[in-house]
Amino acid sequence: MKEYYYLTFSLNKCLYGISTAYVDEIFYLPELIPLSETANDIVGTLNLRDDILPVMDLNLRFGYQSLDYCLTDSVVILRWKDLRLGIIVNQVYEVINIPPDEINAELSLDPLEREFLIIEQKNLIENIDSSTEKILILSKIESLLLQIHQQTRFTVDNFAEKNTQNFDDLEDFQLNESELLETQQLVFCPSATPQEREIFRKRADELKLSLESQDLSSFRTLAVISLNGNFLGIDLKIVKEFTNINRVTPIPCCPPHVVGNMNLRGEILTLVEISELLNLPLKSVTDGSKVMVVEIEDIVTGVVVEEVHDVMFFLNPLEITTTSTTIEPLNGEYLQGVAPYGEKIMGILDLPKIFFKGGLIVDEVI
């Protein structure tokens, strides 16, 4: 059976999904360069490795008021053929499988919600109802990218031609007097503090670097999850997928860290808890809790997690601190080091060591 995967994210207190076929990359929101002559919902551009891309605020696209941007917001880069567009989202969640027969092309929204819909939103969104929450699926992405490309092509190309000469600040733009006067009224995230503005700026500078200058081959690709409020990075090479827990069958005579078995598309998946090994309290596992499916040396199992924050996060090895000082109260024995994650600190988890040195294997079978 063919599977259909969607990246889920929140925006303005709603949960959205978009086919992973259109997702190019994800990163924290950087400083954007506002444009004066473009569509209202295009709030700026970013220089992504010498490619100037428009960035859309979906709130404005859907006719809502734009919210103040913050450091925890992210940009999802959408791609179709050679067209790319960034969209601002509040929180990125896991990738989930949604069969086509569960998606309702007719929006089944409350009357109050329908009252605030506009044409663009109806054309872009399909709806799925689940037992726990409603996910709005962004559709017709090809049409959206074509439309934005046609609307912004001249403005963005003209901007790129004038401003790709190592610009670092609005004052460095090569604008004539009237353009400069107009641009001075356009400031990205005017409510940001000086400290927040500096972080936005640093992110933008890092995104400008070419692939060669960043040497991404040396970067570590992580999935970022949380346990008991602690951020943890896991090597993405061993992560197969994220999914929700449902109908767990307990296994007799097993230690507490073995939660039980669940059926995952016809295969039996054993679920384990790693919280105790990390000096964290065990929490009750219920239907709807999240699990990270991993494969370590031919062993496939599910690790119970609290939340999924990033499906793909590029970490520069130079940012990893390998010292005896770790994140309290985490057990440093199973950490490869710590690194910054937004405004927080993330522990880099040595999951193979947890499995083979932490006693998770029962009779050689998980």
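Of the residues Ile238, Ile234, the single one that is within 14 Å of Asp310 (Cα to Cα) and either open to solvent by 40 Å² or more (accessible area, probe 1.4 Å) or not polar (S, T, N, Q) (or both) is Ile234. Helices (runs of 4 or more DSSP H) fully within segment 125-232 that include at least 3 residues being modelled with pLDDT of 60 or more and farther than 30 Å from Val338 by Cα: 141-163.
Listed here are the residues, each with its yes/no results for (1) touching a residue at least 24 places away in the same chain (Cβ under 8 Å); (2) aromatic (Phe, Trp, Tyr); (3) under 13 Å from Ile26 (Cα atoms).
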{"residue": "Leu71", "(1), (2), (3)": "yes, no, no"}
{"residue": "Ser74", "(1), (2), (3)": "yes, no, yes"}
{"residue": "Leu83", "(1), (2), (3)": "yes, no, no"}
{"residue": "Ile87", "(1), (2), (3)": "yes, no, yes"}
{"residue": "Tyr93", "(1), (2), (3)": "yes, yes, yes"}
{"residue": "Asn97", "(1), (2), (3)": "yes, no, no"}
{"residue": "Pro100", "(1), (2), (3)": "yes, no, no"}
{"residue": "Ile103", "(1), (2), (3)": "yes, no, no"}
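For segment 309-325, the count of residues that are of a type outside the set (A, V, I, L, M, F, W, C) and modelled with pLDDT of 85 or more is zero.
From the residues in segment 291-303 that are open to solvent by 40 Å² or more (accessible area, probe 1.4 Å) and farther than 15 Å from Ile354 by Cβ, which one is nearest to the chain's Cα centre (by Cα)? For segment 291-303, the residue satisfying everything is Val300. Of the residues making up segment 255-280, those that are of a type outside the set (Asp, Glu) and open to solvent by 70 Å² or more (accessible area, probe 1.4 Å) number 5. Once segment 240-264 is narrowed to residues that are under 25 Å from the mean Cα position of the chain (by Cα) and free of Cβ contacts under 8 Å to residues at least 60 places away in the same chain, the residue that is nearest to Tyr334 (Cα to Cα) is Ile245. Scanning segment 73-88 for residues that are more than 21 Å from Met292 (Cβ to Cβ) and not charged (D, E, K, R) yields Val75, Ile77, Leu78, Trp80, Leu83, Leu85, Gly86, Ile87, Ile88.
Taking segment 35-56 as the range and being open to solvent by less than 20 Å² (accessible area, probe 1.4 Å) and either small (Gly, Ala, Ser) or at pLDDT below 85 (or both) as the test, only Gly44 passes. State whether one or more residues within segment 334-353 are at positive phi, over 20 Å from the mean Cα position of the chain (by Cα), part of a strand (DSSP E or B) and modelled with pLDDT of 80 or more. Yes, there is a match, as at least one residue in segment 334-353 is at positive phi, over 20 Å from the mean Cα position of the chain (by Cα), part of a strand (DSSP E or B) and modelled with pLDDT of 80 or more.
The values are calculated or read from the model by the stated rules, or taken from the named source; none is laboratory data. Quantities reported herein were computed from a predicted structural model and do not represent experimental measurements. Ideal geometry is used to build each Cβ from the backbone, glycine not excepted, and the neighbour counts take in all protein chains shown. Just so you know, the surface numbers come from the protein's heavy atoms only, side chains and all, with ligands and any DNA or RNA stripped out. Shrake-Rupley method; radii C 1.70, N 1.55, O 1.52, S 1.80 Å.
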